[in-house]
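Read the structure below first, then the notes.
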Amino acid sequence: MGREIKVKAWDEELKLMYDGDKIESRDDLQAYLSYGELVIFRITNGEYTQLTNLQCTGLPDKNGKVIYDGDILQVPDLYETPENTSTTYHTDVIDFEEYGWRLGGSQLCEDYQYISYECEVVGNIYENPELIEV
C-alpha cells in the first residue's frame with residue numbers, strides 16, 4: 001500500500017477552495033493524471049476549467065494543521081538579544097519548486113521540526129493574499 005497523497009484545488013474563477021473530500025465527492029469536479037502530473041477540472045455545461053492543484057507538504061504546523069503548497073505561515077524571527085526577549089513574527093509562503101519545498105525562498109531540508117514546532121498556518125495566497133508581507 002502506497003502513501004496517501006493529499007491535495008486541495010483552487011478555483012480562481014469562482015474563488016473557491018476544494019479539499020480532497022470535495023474533489024472526490026462532487027460530480028462537477030474531475031481529477032486526472034496527465035503526463036505524471038495531477039490535473040483537476042471543474043466541468044460546467046460541458047466546459048472544462050482547470051483548477052490550481054495544491055499538494056500537501058506532509059508537515060503539520062505547530063497546531064497540527066496540515067500545510068499545503070501556497071499556505072502562508074506566521075514564522076518567528078530567529079533573533080533575540082538580552083534586551084529584547086519578545087518574539088516577533090513575519091509571514092512566509094510555502095511553495096514547491098523544481099528541487100523541493102521552500103519557505104520564503106529557503107530550501108526546506110533540515111528545518112522540518114522548526115516548522116512543526118514554531119510556525120502557524122494563517123491563510124493561503126489564494127484566499128488571503130493580504131497576509132503576504134511585501
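Considering region 117-133, and only residues there that are charged (D, E, K, R) and surrounded by 13 or more Cβ atoms within 10 Å (Cβ to Cβ), the residue that is nearest to GLU13 (Cα to Cα) turns out to be GLU127. TYR48: out of contact with any helix residue (DSSP H, G or I) (no Cβ under 7 Å at 6 or more places or on another chain) and on the phi > 0 side of the Ramachandran plot, yes or no? So TYR48 does not fit the description; no. Determine whether VAL39 is surrounded by 10 or more Cβ atoms within 10 Å (Cβ to Cβ), under 25 Å from GLU130 (Cβ atoms) and at pLDDT 90 or above. Criteria not met by VAL39. Of GLY70, GLY104, all but one fail to be in contact with a Lys or Arg (Cβ under 9 Å, 6 or more places away or on another chain), on the phi > 0 side of the Ramachandran plot and at pLDDT 70 or above; the exception is GLY70. Filtered by the rule that a residue be at pLDDT 95 or above, charged (D, E, K, R) and in contact with a strand residue (DSSP E or B) (Cβ under 9 Å, 6 or more places away or on another chain), region 12-27 gives GLU12, GLU13.
The values are calculated or read from the model by the stated rules, or taken from the named source; none is laboratory data. Worth saying up front: this structure is predicted, and the values here are computed from it rather than measured. Cβ atoms come from the backbone with ideal geometry, glycine included; neighbour counts cover every protein chain shown.
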